[in-house]
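Student: Here it is, the structure, as structure tokens.
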Amino acid sequence: MHDHHHDHRRLGRELDLFDTDPLMGAGLPYWLPDGATVRHVLEEYIREAEREAGYRHVYSPVLGKRELYEISGHWDHYSDDMFPPMDLGGAENSAEQLVLRPSLCPHHALIYRSRAHSYRELPIRMAELGGMYRSELSGVLGGLTRVRAIQLNDAHVFCTLDQVVDEARAALELITRAYADLGIRAVRHRLSLPGAGAGSGKYVADPELWRRATALLREALDASGIPYEDAEGEAAFYGPKIDVQIADPAGREATLSTVQIDFHQPERFDLHYIGPDGARHRPVMVHRSVIGSVERAVAHLIEQHGGAFPPWLAPVQLVILPVSEAQTGQAEKLLRRARRQGLRAELAGPGHGTLGARVRAARLVPYQAVIGEREAAAGQEGDLVAAVRLRDGRRPGAVPGAGLVDRIAARVAARGPELWGGDAA
């Protein structure tokens, strides 16, 4: 079932991106340097995109008192997916219990509540790339797609009722833009509604609240012009949501991004803002995640690109190959120049095997710069020179070092899949 050519678990191990250890536990992968780099670049990208869209970032703890999750409704409706509480002892009646959070919304509700807010400040867009924990059954765990420790690209927008549709729509636009930058294709958009078990305790029982939230999400989807289909039984316990679905190479679908409208938690946490009338009003919470969990996003990118990441995401962007020891000095000069420009460059000298072996070992690196006798001689005249090979097999030939570094930096800044651009054959 998982032996597909581009299975991220196999690639993750082969390419030294991530791995697991039974001693750390199932569903708790660790990230090796190259995988950590991809993750870091993705996190920086999303923070930047959010900042541009008017979000401010916070940090909140991965632990919370059990009582916090009783108030939010998670304890009643979601405890099957939560780790058991940790007892900190103390007298029977004052015993403190802490839980690993299964989501970030209650923490953000408290942060909102900690300060008074006027309608003039809304919408408040609070974002966090935060850790959360879900006690998935070990049978379904694998690679980075089903894990117990999740790093979520999460955010909550606190706004007035008449801002909700615009905020949900702006979140959908942010998702669309991120998918374009990352080369991710959404296979469909789903409007996830409560299922037949609506009275079973799986969902918050408040039909009017569900009706309003659903109508607002439909309005946001229609305004975005995005085709969607309804899915019964897929809602969050506190409200309906838009799920953006992706598919792996074998056609298995998963949810990557979500936009949700929540009237329930603002009520439970008694959130308010002061309106133009000087009275207290209840804000609405829009939950949204652009790239979902960092784990699932990276797993999808690994499978999609087969480990050959676009230049801006590649763990190593440029590998410099001196043909013999004689060219090592020039290779080191080029390495320093590339790193000063912010490129992730490595030097693979003759100690790493024949030139052919080193070129093969670097087959997934977008850019290879070979410095042999000819290039070294040309470099004596002035600027360093390297014979450039691209990952796709093209060979633009001898390029001055400064030009090469600038060109790669420009491709990285542009973020597309294109390796060289314009005038290369």
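Student: Beta carbons within 10 angstrom, averaged per residue: use that to sort the peptides 178-184, 352-358, 335-341, highest first.
Tutor: Most protected by this proxy first, the peptides run 178-184, 335-341, 352-358.
Student: Using the Karplus equation 6.51 cos²θ - 1.76 cosθ + 1.60 (θ = phi - 60°), what ³J(HN,Hα) coupling, rounded to whole Hz, does each residue of region 241-249 give in order, writing x for Gly and Pro?
Tutor: Karplus values, whole Hz, x for Gly and Pro: 8, 9, 10, 9, 9, 10, 10, 7, x.
Student: P(r) tail for the chain, what percent of Cα pairs lie past 38 Å?
Tutor: 33 percent
Student: Given a 1.4 Å probe, how much area per residue of region 199-289 is accessible, in Å²?
Tutor: 42 Å²
Student: Ok, one more. Suppose every K and R has +1 on its Cβ and every D and E has -1 on its Cβ; what is the size of the dipole of the chain about the Cα centre, in Debye to the nearest 20?
Tutor: Approximately 1080 debye in magnitude.
Student: Is there a quick way to get the dipole size of region 106-162? I mean about its Cα centre, with the Cβ of Lys and Arg at +1 and of Asp and Glu at -1; what is the value in debye to the nearest 20?
Tutor: With only Lys, Arg, Asp and Glu charged at Cβ, the dipole is about 120 debye.
Student: What percent do you get for the relative contact order of the chain when only Cα pairs under 8 Å and 6+ apart count?
Tutor: Reported as a whole number, the value is 14 percent.
Student: To continue, here is another question. Run the accessible area of the chain with a 1.4 Å probe and give the carbon-and-sulfur part as a rounded percent.
Tutor: 51 percent
Student: So which residue, out of Gly306, Gly64, Gly275, gets the largest mean-square fluctuation from a GNM of the chain using Cα contacts under 10 Å as springs?
Tutor: Per the Cα network of the chain with a 10 Å cutoff, Gly275 tops the list.
Student: OK, next. Restricting the calculation to Cα positions, tell me the Rg (one decimal) and the Dmax (whole number) of region 11-130 in Å.
Tutor: Every Cα atom of region 11-130 included, Rg and Dmax give 18.6, 54 Å.
Student: Bin by bin, in steps of 10 Å, what percent of the Cα pairs in region 94-171 do you find, going until the bin that has the longest distance?
Tutor: Spelled out bin by bin, region 94-171 gives 15, 35, 29, 18, 4 percent.
Student: Of Ser72, Pro123, Thr37, which is farthest along the charge dipole of region 2-128 in the positive direction, counting Lys and Arg as +1 and Asp and Glu as -1 at C-beta?
Tutor: In region 2-128, that residue is Pro123.
Student: Which longest run of the chain has no exposed loop site in it, a site being GluC sites (Glu not before Pro) in a DSSP loop with at most 14 other beta carbons within 10 Å, and the site itself not part of the run?
Tutor: After excluding every exposed loop site, the longest remaining stretch is 97-380.
Student: I would also like to ask the following. Give a residue-ordered list of calculated ³J(HN,Hα) values for region 352-367 (Karplus: 6.51 cos²θ - 1.76 cosθ + 1.60, θ = phi - 60°; whole Hz; x for Gly, Pro).
Tutor: 8, x, 5, 4, x, 5, 5, 5, 5, 5, 9, 4, 8, 6, x, 10
The values are calculated or read from the model by the stated rules, or taken from the named source; none is laboratory data. Values in this document were obtained by computation on a predicted structure and should not be read as measured data. Don't worry about glycine lacking a Cβ; one is built from the backbone with ideal geometry, like all the others, and counts go over all protein chains shown. Protein only, heavy atoms only, side chains kept; ligands, DNA and RNA dropped before computing areas. Shrake-Rupley method; radii C 1.70, N 1.55, O 1.52, S 1.80 Å.
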